[in-house]
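Just below is one structure, and these are the notes that go with it.
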Amino acid sequence: MRPKRLILAGGGHVHLPVLARLADFQAAGIDILCIAPGPYLAYSGMGPGLLAGRYALSELRFPIAARLNRPGGAFVRGTVSAIDPVARHIVLQDGRVVPYDAASFGIGSRVVPDFPVTFGPGEPGATLYPVKPIENLLLARQDILARARDGAAVRVLVAGGGAAGFEVAAGVLGLFDAIGLDRGSVAVAAPRGLLPGWPGRAVALAEASLARRKACLIPARMVGLCGETAHFSDGTARVCDIVLVATGTRPPGLFTACGLSAEPGGGLTVSACLQSPVHPDIFGGGDCIHFGPRPLPRAGVYAVRQGPVLAANLLAFLTGGRLTAFSDTGKNYLALLNCGDGRAILRKGPFVAEGAWVMALKDWIDRRFMRSFPLRPQPRPPGSDTGRGHEAGFPPP
Ligand SMILES: Cc1cc2nc3c(=O)[nH]c(=O)nc-3n(C[C@H](O)[C@H](O)[C@H](O)COP(=O)(O)OP(=O)(O)OC[C@H]3O[C@@H](n4cnc5c(N)ncnc54)[C@H](O)[C@@H]3O)c2cc1C
């Protein structure tokens, strides 16, 4: 009997448990083909620490492609641009067509600047770095270091005052401190204040953390960037060299275009079993889904909780087993924010704490998470020497 083909679209956090169970899929006669733009997944929880210089990129990357370098596994570098759920194939941006027996989506979400950007001819302009993909934080770090080396201005603006906005602002301040840069500036445009929805004490601690290092809080929305000048909803403006965009995330548009989304936000609509209610051979998890039973915030904690259920359900679907419902939807999870100065803020329900011990706890949890997936490269099959995953052709499944 020919092996069945499971496509993993995106090598996101939610797919890590599937990759960890490759041997189970292989034993059940299922080939796994993962399609992602690059061979690694960067762990977002350590991203702000990458910006500040606490971590090297190699410490927070999962080698997705190398993990698939084994019989029954294949990695394809590419971007999924469409799904034909009737013909049961996926279309890549470069036109390649990949058939499947089942497909799972873990393609995450995008940060899209919600303000217009205009540059006059020959006019210098600020450089924009959306906070996703996480590798952008390394590019921002390198940009800051290069400007500092050249003696150029380093005026950083963070658009968005949520958890990611706070952490990247704090990370930049940590980087300034580490390199002894005293002519840099950081401002955060936070129309609803810092950390909306968080307990008041956490907000006060976050504000104090930025204020101590002379960051400026702008209580307005960024409404446009014209060259080097950012404009805000309160009519004020500010000159900047670097803009870190943390204005919120949204799923990519392809699910709406393919009739797989039943919500205005455009997420892949799934049932409690993380399965499309219309096309049962399509599954998904993490930031890119619209969880039908109960909308969930787009936070990695849900991707991490959903991963094992998704892996079990994909295996069950392809082998005729029973599916399990994802029920761990509680919002009272442990949240930890890196303040970029060796300290962190902790929130668990109404309980809030801050200090160096919280950062030590966060560091321990993050490093344990990195170790928890057996994603080390597999021994290579004879004749394979890419070391970057077994790049695949697409025979019909
Ligand atoms: C700075 C920052 C810090 C954060 N810190 C935390 C935290 O501490 N705790 C927390 O709970 N959450 C945190 N988050 C949120 C967290 O990053 C996301 O919720 C989580 O990554 C979602 O996981 P996922 O599996 O859905 O997708 P992701 O892990 O984002 O992975 C998506 C993957 O799909 C690939 N991809 C994208 N489009 C396509 C396509 N069209 N075709 C093929 N592949 C594609 C991407 O390259 C990527 O590999 C943070 C986010 C940011 C920006």
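The values are calculated or read from the model by the stated rules, or taken from the named source; none is laboratory data. Small disclaimer: the values here were computed from a predicted structure and weren't measured. Cβ placement follows ideal geometry from the backbone for every residue including glycine, while neighbour counts extend to all protein chains displayed. When the accessible area is computed, the model is the full protein with side chains, heavy atoms only, and any ligands, DNA or RNA have been set aside. Shrake-Rupley method; radii C 1.70, N 1.55, O 1.52, S 1.80 Å.
Residues of region 271-286 include at least one that is more than 16 Å from VAL112 (Cβ to Cβ), within 17 Å of the chain's Cα centre (by Cα) and either open to solvent by 10 Å² or more (accessible area, probe 1.4 Å) or β-branched (Val, Ile, Thr) (or both). Do the conditions hold for LEU361, that is, is it assigned by TED's automatic domain parsing to the domain that holds SER271, among the hydrophobic types (A, V, I, L, M, F, W, C) and at pLDDT 90 or above? No: the conditions fail for LEU361.
For region 1-41, how many residues meet the condition of being touching a residue at least 24 places away in the same chain (Cβ under 8 Å) and outside any loop (DSSP other than H, G, I, E, B)? Write out each step before concluding.
Pass one, region 1-41, residues touching a residue at least 24 places away in the same chain (Cβ under 8 Å): 1-22, 24-26, 28-41.
Now narrow it down to the ones that are outside any loop (DSSP other than H, G, I, E, B): 4-9, 13-20, 22, 24-26, 30-36, 41.
The qualifying residues number 26.
From the list PRO377, PRO382, PRO397, PRO350, the one residue that fits, being exposed (fewer than 12 other Cβ atoms within 10 Å of the Cβ) and at pLDDT below 90, is PRO382.
In the set (1) of a type outside the set (D, E, K, R); (2) out of contact with any helix residue (DSSP H, G or I) (no Cβ under 9 Å at 6 or more places or on another chain); (3) near the ligand (Cβ under 10 Å from one of its atoms), THR249 fails one condition alone, (2).
Quick test for you: out of ARG54, ARG77, pick the one residue that is away from the ligand (no atom under 12 Å from the Cβ) and either without any contact (Cβ under 8 Å) to a residue 40 or more places away in the chain or open to solvent by 10 Å² or more (accessible area, probe 1.4 Å) (or both). Give the derivation first.
On the way: ARG77 fails: away from the ligand (no atom under 12 Å from the Cβ).
Answer to the selection: ARG54.
Suppose we filter region 199-227 for residues that are open to solvent by less than 40 Å² (accessible area, probe 1.4 Å) and of a type in the set (A, V, I, L, M, F, W, C); how many remain? Adding up the residues that qualify gives 10. Set side by side, the residues GLY171, GLY161, GLY125 differ, and just one is touching a strand residue (DSSP E or B) at 6+ places or on another chain (Cβ under 8 Å), more than 13 Å from the ligand (Cβ to nearest atom), open to solvent by less than 40 Å² (accessible area, probe 1.4 Å) and within 26 Å of ALA206 (Cβ to Cβ), which is GLY161.
Search region 56-79 for residues being of a type in the set (A, V, I, L, M) and outside any loop (DSSP other than H, G, I, E, B), and hand back the single one that is nearest to ASP366 (Cα to Cα).
Kept after step one, since they are of a type in the set (A, V, I, L, M), are these residues of region 56-79: 56-57, 60, 64-66, 68, 74, 76.
Within this subset, residues satisfying the condition of being outside any loop (DSSP other than H, G, I, E, B) are 57, 60, 64-66, 74, 76.
Values: LEU57: 14, LEU60: 9, ILE64: 18, ALA65: 22, ALA66: 22, ALA74: 28, VAL76: 28 Å.
Looking at residues that are of a type in the set (A, V, I, L, M) and outside any loop (DSSP other than H, G, I, E, B), I get LEU60.
What residue, of ARG322, ARG298, is at pLDDT below 95 and either surrounded by fewer than 22 Cβ atoms within 10 Å (Cβ to Cβ) or part of a strand (DSSP E or B) (or both)? Working first, answer last.
On the way: ARG322 fails: at pLDDT below 95.
Within the list ARG322, ARG298, the selection yields ARG298.
For GLY320, state whether it is over 28 Å from LYS362 (Cα atoms) and of a type outside the set (D, E, K, R). Taking the combined requirement at face value, the residue satisfies it.
In region 104-128, the residues that are farther than 30 Å from LEU318 by Cβ reach residues that are of a type in the set (Lys, Arg) and within 16 Å of the ligand (Cβ to nearest atom) with C-beta atoms within less than 8 angstrom, at least six apart or across chains, in these pairs: VAL111/LYS132; VAL112/ARG250. Against the numbered list (1) in the same structural domain as LEU157 (by TED's automatic domain parsing); (2) of a type in the set (A, V, I, L, M, F, W, C); (3) assigned to a loop (DSSP other than H, G, I, E, B), LEU217 comes up short only at (3).
Is there a residue in region 182-189 that is touching a Lys or Arg at 6+ places or on another chain (Cβ under 7 Å), in a loop (DSSP other than H, G, I, E, B) and either at positive phi or in contact (Cβ under 8 Å) with a residue 12 or more places away in the chain (or both)? No, region 182-189 contains no residue that is touching a Lys or Arg at 6+ places or on another chain (Cβ under 7 Å), in a loop (DSSP other than H, G, I, E, B) and either at positive phi or in contact (Cβ under 8 Å) with a residue 12 or more places away in the chain (or both). You will find that of PRO63, PRO37, the residue that is modelled with pLDDT under 95, within 15 Å of the ligand (Cβ to nearest atom) and open to solvent by 10 Å² or more (accessible area, probe 1.4 Å) is PRO63 and no other. Which one is farthest from the ligand (Cβ to nearest atom) among residues in region 142-154 that are crowded, with 19+ Cβ neighbours inside 10 Å and assigned to a helix (DSSP H, G or I)? The residue in question is ARG147. Residues that are near the ligand (Cβ under 8 Å from one of its atoms), more than 11 Å from HIS15 (Cα to Cα) and of a type outside the set (A, V, I, L, M) within region 275-315 comprise ASP287, CYS288, ARG298, GLY300, TYR302, listed in sequence order.
Scanning region 80-114 for residues that are of a type in the set (Ser, Thr, Tyr), within 13 Å of the ligand (Cβ to nearest atom) and in a loop (DSSP other than H, G, I, E, B) gives a single hit, SER109.
Considering only region 331-342, I want to know if a residue exists there that is more than 16 Å from the ligand (Cβ to nearest atom) and either at pLDDT 95 or above or touching an Asp or Glu at 6+ places or on another chain (Cβ under 6 Å) (or both).
The first filter runs over region 331-342 and keeps only residues more than 16 Å from the ligand (Cβ to nearest atom), leaving 341-342.
In the following step, the residues that additionally are either at pLDDT 95 or above or touching an Asp or Glu at 6+ places or on another chain (Cβ under 6 Å) (or both) were identified as 341-342.
Checked region 331-342: at least one residue is more than 16 Å from the ligand (Cβ to nearest atom) and either at pLDDT 95 or above or touching an Asp or Glu at 6+ places or on another chain (Cβ under 6 Å) (or both).
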